[in-house]
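The values are calculated or read from the model by the stated rules, or taken from the named source; none is laboratory data. Note that the structure is a prediction, hence the values are computed from the model and not measured. All Cβ positions, even for glycine, are placed from backbone atoms using ideal geometry, and neighbour counts span all protein chains on display.
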Ligand SMILES: [Zn+2]
């Protein structure tokens, strides 16, 4: 059986994008498990039927990372068949965020807003929005913890693992070297730049990790990448180079903001960044996302020695 890719998407869509579910050849491994909901179940069942299979035949679920739109059908498949699940341990904090007490969650976000230099006045509303994210997780207790050595057998081959932290701390991609196929999760997407943010609980410097993770897969000998969102694509190296160039443009834009002004906090720089939607027009959720993005770029620039962060959390040219 050739590897097939099927979409089992999007009820409701995560944001403006839909999650996908991918099937690899026998023994059937499901790479990522879409968004929750009956529509996803129906689409997965229909896609499996095209392979002459049912969900009973799925022998394991391999998660590229712990975001809810990649884990949605895990509870359903486990309840139906007890299907074992594999996830990298660094993403346990994402799938098990509901285990954090509300008080601890608020305290972590408040400390993060401190580090961003956020003023006190908008904080109550920002913390209300942040609290909503606590419930935004599919609680998964993985049977297997993924390491670099993790392998999943397939008929006539196997799926190997490459650690690709950045989009999340425990992000991995799975590679079928024999057939030249990469299951890319949200590491390399065909149409959009994957989100990489410094948020509470994330890596200290996720963007530096992400760029290294692009290098780690750039020269893979694969002919098709099955992404977590969007259509399969070839020319992995070309797409990696585009994503790198886009990151470098944003890094340069953030660096020039710092160079042009007085020492500034994440909050101040996020307000000044030329977003497509003006800061004043954004809602609180978007403000949190924008802060996380800018914070990630500033941290990456500081790691590279392109700017400095002082003790008050203000950035200046180095
Ligand atoms: Zn994701």
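Pick out the one residue from 146, 138 that is within 16 Å of the ligand (Cβ to nearest atom) and modelled with pLDDT of 95 or more.
Checking each option against the conditions leaves just 146.
Residues in region 165-183 that are over 16 Å from residue 148 (Cα atoms) and within 14 Å of the ligand (Cβ to nearest atom): how many?
Qualifying residue count, region 165-183: 1.
Go through region 75-118 and give me each residue that's touching a residue at least 40 places away in the same chain (Cβ under 8 Å), within 24 Å of residue 291 (Cα to Cα) and in a loop (DSSP other than H, G, I, E, B).
96, 117, 118
Tell me, which helices (runs of 4 or more DSSP H) lie completely within region 201-317 with 1 or more residues that are in contact with a helix residue (DSSP H, G or I) (Cβ under 7 Å, 6 or more places away or on another chain) and within 24 Å of residue 187 (Cβ to Cβ)?
206-218, 236-260, 284-303
Out of the residues in region 184-199 that are touching a residue at least 60 places away in the same chain (Cβ under 8 Å), part of a loop (DSSP other than H, G, I, E, B) and within 12 Å of the ligand (Cβ to nearest atom), state the one that is surrounded by the fewest Cβ atoms within 10 Å (Cβ to Cβ).
So the residue we want is 192.
Considering only residues that are part of a loop (DSSP other than H, G, I, E, B) and more than 12 Å from the ligand (Cβ to nearest atom), which ones fall in region 155-164?
Result: 155, 156.
Hey, could you check region 43-74 for residues that are assigned to a loop (DSSP other than H, G, I, E, B) and within 15 Å of the ligand (Cβ to nearest atom) and say which is farthest from residue 140 (Cα to Cα)?
Going through the qualifying residues, I end up with 64.
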